Amino acid sequence: PLKAKASLSNEDIMRYSRQLILPELGVQGQLNISKTSVLIVGCGGLGCPLAQYLAAAGIGHLGLLDYDEVELSNLHRQVLHGEDNLGQAKALSAACAVRRLNSTVECIPYHLQLSSENALQLIQQYDIVADCSDNVPTRYLVNDACVLSGKPLVSASALRMEGQLAVYNYHGGPCYRCLYPVPPPPETVTNCSDGGVLGVVPGIMGCFQALEVLKIASGQGSSCGQQLVIFDAQDARFRCIKLRPRQAGCVVCGENPSITHLADYESFCGSAATDKCRKLNL
Amino acid sequence: PLKAKASLSNEDIMRYSRQLILPELGVQGQLNISKTSVLIVGCGGLGCPLAQYLAAAGIGHLGLLDYDEVELSNLHRQVLHGEDNLGQAKALSAACAVRRLNSTVECIPYHLQLSSENALQLIQQYDIVADCSDNVPTRYLVNDACVLSGKPLVSASALRMEGQLAVYNYHGGPCYRCLYPVPPPPETVTNCSDGGVLGVVPGIMGCFQALEVLKIASGQGSSCGQQLVIFDAQDARFRCIKLRPRQAGCVVCGENPSITHLADYESFCGSAATDKCRKLNL
Amino acid sequence: MAAPITIHLEFGGGAELLFSGVKKHHMTLPSQSQPWDMKQLLVWIQQNLLKERPELFVQGDSVRPGILVLINDADWELLGELDYQLQDKDNIVFISTLHGG
Amino acid sequence: MAAPITIHLEFGGGAELLFSGVKKHHMTLPSQSQPWDMKQLLVWIQQNLLKERPELFVQGDSVRPGILVLINDADWELLGELDYQLQDKDNIVFISTLHGG
Ligand SMILES: [Zn+2]
Ligand SMILES: [Zn+2]
């Protein structure tokens with residue numbers, strides 16, 4: 001947590017003037033944003049536009065986590081990385097791009113894999129977590145760590161020409177496990193390497209994540225707490241789904257949780273915490 | 001118009017592999033994208049994400065038009081420009097950023113104001129036009145020039161926490177004038193300087209424009225030809241509106257058009273082709 | 001006599017600023033001898049909801065240029081514009097065109 | 001006897017790939033003595049639409065983990081899941097959870 005800014009500098013007022021005048025935001029909303037810290041798990045197709053718009057909007061502190069390096073096949077959607085960054089750690093490349101945009105944002109790159117060992121210690125330092133990962137074990141890991149540390153989780157995903165978004169563990173709403181108590185059979189999971197993805201689809205979903213993070217950070221609040229937004233890029237159609245409430249029987253956020261510390265998510269899900277291995281195309 | 005590529009290079013196949021494998025796109029769709037030229041009118045809050053995702057996806061040729069220079073108050077939403085670009089022409093700054101991302105895209109910056117004198121000559125050189133402008137006269141000018149040169153117009157706008165998107169003059173559908181035959185009274189028009197805008201709202205709308213441009217360029221086709229998409233960021237709600245068909249009485253695209261060349265759009269609209277002057281807040 | 005009908009009114013794109021910033025209004029239109037049409041609805045809105053500056057909303061007997069009217073998620077031009085007869089539970093949206101970018 | 005009902009079925013998030021890539025299906029369910037419920041619908045889908053690899057869609061008498069069922073744009077958990085009784089013109093969506101980023 002950052003120490004609260006008491007007021008905006010003249011430069012802040014100039015830079016953020018177009019959003020300061022919004023009645024939904026105002027000076028107090030901007031101050032709230034400037035003292036919020038956000039951890040972005042994954043600096044890929046979702047994390048890039050998310051980091052970009054959070055930094056542009058003046059978020060206080062940004063943690064950028066990714067274990068991977070920039071490859072040529074990333075560039076069609078991971079727009080913070082350029083051709084000069086090929087081979088670099090994504091977390092570092094993203095941090096450089098963010099600094100070009102807004103040097104007043106405190107930005108910490110983490111070139112590592114989120115794991116049961118480091119997740120709680122990391123997530124506890126942030127106010128809001130954004131799941132921009134690309135695999136099932138990481139999604140359960142991030143969820144459980146957010147529930148155990150009481151952080152709202154703004155989660156998005158994209159594949160082929162579709163996207164999904166929800167805000168979990170927020171204002172008494174459900175967590176990821178409330179919705180998906182049992183992980184999908186590994187042979188039914190498709191990742192972007194296998195199934196492909198049109199780059200601008202995670203672009204839209206990552207921007208959407210930025211919107212919900214900013215609404216939470218500014219104090220307006222997210223409207224996606226018990227909702228799932230599903231996007232079909234082919235029909236250009238969004239759909240808003242009303243979700244179940246928090247489940248009393250949820251093993252992590254329910255009344256008698258059996259999960260009280262982080263365990264082995266790769267064996268729980270039967271798959272690796274990376275999108276690099278090949279699976280059945282479904 | 002670009003000469004058609006006969007095939008993809010090995011580097012192209014690597015770079016675009018994640019979208020090449022989409023059945024909706026495929027090698028032919030990627031080849032189609034690589035031979036398409038797009039003119040982006042306005043390198044601001046909409047034009048930045050649009051240029052970014054078109055370049056990332058491998059669009060053949062990008063025209064980047066803006067008369068303006070980068071100011072500090074732009075940076076909260078105009079994410080192709082960084083702090084080092086303050087004072088630079090937006091068209092040039094955007095072109096540099098695009099080249100960092102994808103040097104294989106032919107990119108031409110136009111540091112000028114679109115006008116009745118230059119619009120047709122410019123637009124004729126492109127396959128698709130994207131209206132990312134910020135004022136009423138330019139929106140009518142771009143529309144009429146697109147109708148007169150037979151180009152599809154992917155148009156978006158954003159203000160405060162709302163956005164709108166439509167594809168005009170496409171597959172026999174309506175043009176902007178079919179919908180809005182009479183310009184709004186100048187005192188009812190609010191621009192982003194006056195009304196403000198949350199930066200990620202044009203971010204989402206510009207990405208959406210990129211999606212529809214790519215669907216047209218690849219050969220899939222847009223689903224927004226006779227539709228208006230309206231986005232409310234506060235409720236996180238998109239709405240798809242069925243629009244009227246092309247109007248037989250439209251003065252520019254109708255059966256007996258009275259507009260056969262471009263005239264004076266500032267006097268037609270009673271306002272200047274810039275968002276810089278102050279108007280009533282509505 | 002036509003029975004009273006309830007309609008869902010929405011204003012957006014800035015048009016809500018003429019209605020104290022309230023975007024959504026659930027309204028009951030009183031019973032009258034003829035069915036309600038859009039022309040009468042515009043008059044009713046002026047008299048009952050629009051407290052000031054009507055010229056920013058209406059022009060003559062229709063909406064001012066730059067406001068699009070949607071009836072149940074369709075452009076009102078497809079449904080007869082001013083002559084459309086309102087049905088119970090109709091959703092009517094008045095949306096200002098945005099020009100910013 | 002309950003009369004035949006028509007329903008609108010949709011598959012998304014990849015689930016449509018089990019149904020020849022077709023996302024939208026307008027279906028008429030034949031009349032039967034009891035009203036149709038979701039449990040019966042799943043059996044009917046397996047017998048009439050799902051030509052191969054049923055294990056990628058169902059598990060036991062419900063859908064497999066990772067598929068979310070939506071009834072008229074609401075999570076089926078809010079509506080009784082397998083016991084929900086289908087109404088004429090219901091919209092039922094089966095959507096695979098996405099994990100890519
Ligand atoms: Zn839970
Ligand atoms: Zn027209």
* **Axis-proximal residue, chain B, for the rotation superposing B on A (Cβ, Å)** => B:F238, 2
* Asked: Along Cα→Cβ at 7 Å, what distances in nm separate the B:C96 label point from those on the other copies, shortest first?
  -> 1.5
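Where the only charges are on Cβ atoms (+1 Lys, Arg; -1 Asp, Glu), what is the dipole of chain B about its Cα centre, to the nearest 20 debye? Don't jump to the answer; show the numbers that get you there.
On the way: 22 positive and 25 negative charges, 152 e Å.
The calculated dipole for chain B is roughly 740 debye.
Compute, for the protein assembly as shown, the length of the dipole vector about the Cα centre, with Cβ point charges of +1 (Lys, Arg) and -1 (Asp, Glu) only. Units Debye, rounded to 20. Please list the in-between numbers first.
Working: 58 positive and 76 negative charges, 58 e Å.
The calculation lands at about 280 debye.
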* Asked: Once the other residues with Cβ under 10 Å from the Cβ of D:K24 are scored (Lys, Arg +1; Asp, Glu -1), what is the net sum?
  -> -2
* Asked: In whole angstrom, how far apart do the alpha carbon centroids of the range B:218-259 and the range D:1-63 sit?
  -> 35 Å
* To do: Would you be so kind as to list the residues of the range B:235-276 that have their accessible area lowered by at least 10 Å² in the full protein complex compared with their chain by itself (1.4 Å probe)?
  => B:D235, B:A236, B:R237, B:F238, B:R239, B:C240, B:I241, B:K242, B:L243, B:R244, B:P245, B:Q247
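Between D:L82 and D:R53, what is the FRET efficiency for a Förster distance of 22 Å, r being their Cβ-Cβ separation, to the nearest 0.05? Before the final figure, lay out the partial values.
Values: r = 21 Å, r/R0 = 0.98.
So, using R0 = 22 Å, E works out to roughly 0.55.
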* Structure fact -> If each part is reduced to its alpha-carbon centroid, the range A:149-186 and the range B:87-140 end up apart, in Å, by 39 Å
* Structure fact -> Short to long, in 5 Å steps from zero, the percent of alpha-carbon pairs of the range D:5-96 per bin is 3, 13, 28, 29, 19, 7, 1
* With no solvent and one point on each alpha carbon, what is the Debye value of log10 I(q)/I(0) for the protein assembly as shown at q = 0.05, 0.07 Å⁻¹? -> -0.24, -0.49
* Structure fact -> Here the range A:110-159 gives, from Cα atoms, an Rg and Dmax in Å of 10.2, 30
* Structure fact -> GNM on chain A, Cα springs under 10 Å; top mean-square fluctuation among A:I108, A:I216, A:I40 goes to A:I108
* Choice from B:S267, B:S193, B:S222 with maximal GNM fluctuation in chain B (Cα, 10 Å cutoff) -> B:S267
* Asked: Which residue of chain C is nearest the rotation axis onto chain D, counting by its Cβ, and what is the distance in whole Å?
  -> C:D73, 7
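Compute the Cα gyration tensor for the range B:31-134, then decide on rounded, prolate or oblate, letting a ≥ b ≥ c be the square roots of its eigenvalues: rounded whenever a/c is under 1.5, prolate when a/b is larger than b/c in the other cases, and oblate in all that remain. Please report the intermediate quantities before stating the final value.
Values: a/c = 1.98, a/b = 1.20, b/c = 1.66.
Oblate.
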* Taking a label point 7 Å from Cα toward Cβ, how far is D:R53 from its twins in the other copies, in nm, shortest first? -> 5.9
* **Magnitude of the charge dipole, the range D:5-96, Cβ model with Lys/Arg +1 and Asp/Glu -1, debye to 20** => 360 debye
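When a/c is below 1.5 the answer is rounded, else prolate if a/b is larger than b/c, else oblate, so apply that to the range A:1-53 with a ≥ b ≥ c taken from the square roots of the Cα gyration tensor eigenvalues.
Prolate shape, in that a/c is at least 1.5 and a/b is the bigger ratio.
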* Structure fact -> Sorting from shortest, the nanometre distances separating the label point of B:Q125 (7 Å past Cα along the line to Cβ) from those of the same residue in the other copies are 5.0
* **Local electrostatic count, B:C250, Cβ distance below 14 Å [Lys/Arg +1, Asp/Glu -1]** => 0
* Asked: What is the spin-label model distance, in nm, from D:H26 to D:D61 if the labels are put 7 Å beyond Cα along the C-beta direction?
  -> 3.2 nm
* **Farthest positive-ward along the range A:127-282 dipole, Cα basis, beta-carbon charges - from A:G163, A:V142, A:S267** => A:G163
* **aspartates and glutamates with Cα under 17 Å of D:K23, excluding same-chain neighbours fewer than 8 positions away** => A:E162, A:D232, A:D235, B:E24, D:E10, D:E52, D:D73, D:D90
* **Summed side-chain charge close to A:F231 - residues other than A:F231 whose Cβ falls under 11 Å, Lys, Arg +1, Asp, Glu -1** => -1
* Structure fact -> Helix-only [θ] at 222 nm, the protein assembly as shown, -39500 (n - 2.57) per DSSP H run of 4+, per residue, nearest 500, equals -7500 deg cm²/dmol
* Asked: For B:K151, which aspartates and glutamates qualify as cross-link partners when the Cα separation must be under 19 Å and same-chain residues fewer than eight apart are set aside?
  -> B:E117, B:D127, B:D131, B:E212, B:E255
* Could you tell me which of the pairs C:K39/D:K24; A:K35/A:K90; D:K51/D:K89 are separated by over 31 angstrom between their Cα atoms in the structure shown? => C:K39/D:K24
* Considering only D:L82, D:Q47, D:I92, whose Cα is most displaced toward the positive end of the charge dipole of the range D:5-96, charges sitting on Cβ of Lys, Arg (+1) and Asp, Glu (-1)? -> D:Q47
* Asked: Taking springs between alpha-carbon atoms closer than 10 angstrom, which of B:Y168, B:Y176, B:Y67 fluctuates most in the Gaussian network model of chain B?
  -> B:Y67
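The values are calculated or read from the model by the stated rules, or taken from the named source; none is laboratory data. Only a predicted model underlies this, so the values are computations on that prediction, with no experimental measurement involved. Note: ideal-geometry Cβ built from the backbone for every residue, glycine included; neighbour counts use all protein chains shown. All accessible areas refer to the heavy atoms of the entire protein, side chains included, with ligands and DNA or RNA removed. Shrake-Rupley method; radii C 1.70, N 1.55, O 1.52, S 1.80 Å.
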